[in-house]
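Beneath this line is the structure, given in structure tokens, with notes to follow.
The values are calculated or read from the model by the stated rules, or taken from the named source; none is laboratory data. Source: prediction; values computed, not measured. Here the Cβ positions follow ideal geometry from the backbone for every residue, glycine too, while neighbour counts run over all protein chains shown. Please note that ligands, DNA and RNA were not included when accessible areas were found on the heavy atoms of the full protein model with its side chains. Shrake-Rupley method; radii C 1.70, N 1.55, O 1.52, S 1.80 Å.
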Amino acid sequence: QVQLVESGGGLVQAGASLRLSCAASGRTWRTLNMGWFRQAPGKERQFVAVYMGSAGNRYYGDSVKGRFTISRDNAKDTVYLQMNSLKPDDAAVYYCACGAGDRYDYWGQYDYWGQGTQVTVSS
């Protein structure tokens, strides 16, 4: 069993930065893929980034490449999402997720989810 708790969301102006945190607990989370997804009202859940299990490879959705960075601190049991140059289109509820599937960009491959944290970007 893995528990995930997100924090760090808020209201910012376009061009600003935010860092989201996902505190993880459970013995096996470090061997699993840790992903970030987001969902805006009326839209499907969208892949943002993933930190792949033990290998440590990182992948990003096209809309955030070059602006967002995912990282992991095993000592703090935390995964981060650094978001720079935020745009109004980035506004959504951001979710941290944990799973072991090969389709890291598909939300259905993740077994554990946090409660989400709201990010609002004003223009």
Once you list every other residue whose beta carbon is under 9 Å from the beta carbon of residue 51, what net charge do they have if Lys and Arg are +1 and Asp and Glu are -1?
+2
Shape of region 74-115, Cα gyration tensor, a/c cut at 1.5:
oblate
Leaving out ligands and nucleic acids, and using a 1.4 Å probe, what accessible area per residue does the chain come to in Å²?
52
In 5 Å bins starting at zero, report the fraction of Cα pairs in region 1-107 per bin as a rounded %.
2, 13, 25, 26, 19, 10, 4, 1
When the convex hull of its Cα atoms is projected in every direction, mean area for region 32-75 (nm²):
3.8
Quick one: net charge of residue 15's neighbours, Cβ under 12 Å, K/R +1, D/E -1?
+1
With a 1.4 Å probe and every protein chain kept in, tell me what percent of the accessible surface of region 46-123 is carbon plus sulfur.
42
Using a cut-off of 10 Å between beta-carbons, work out the net charge of the residues near residue 60 (Lys and Arg +1, Asp and Glu -1, residue 60 not included).
+1
What number, in percent, do you get for the relative contact order of the chain if the mean sequence gap of Cα pairs under 8 Å and at least 6 apart is divided by its residue count?
36
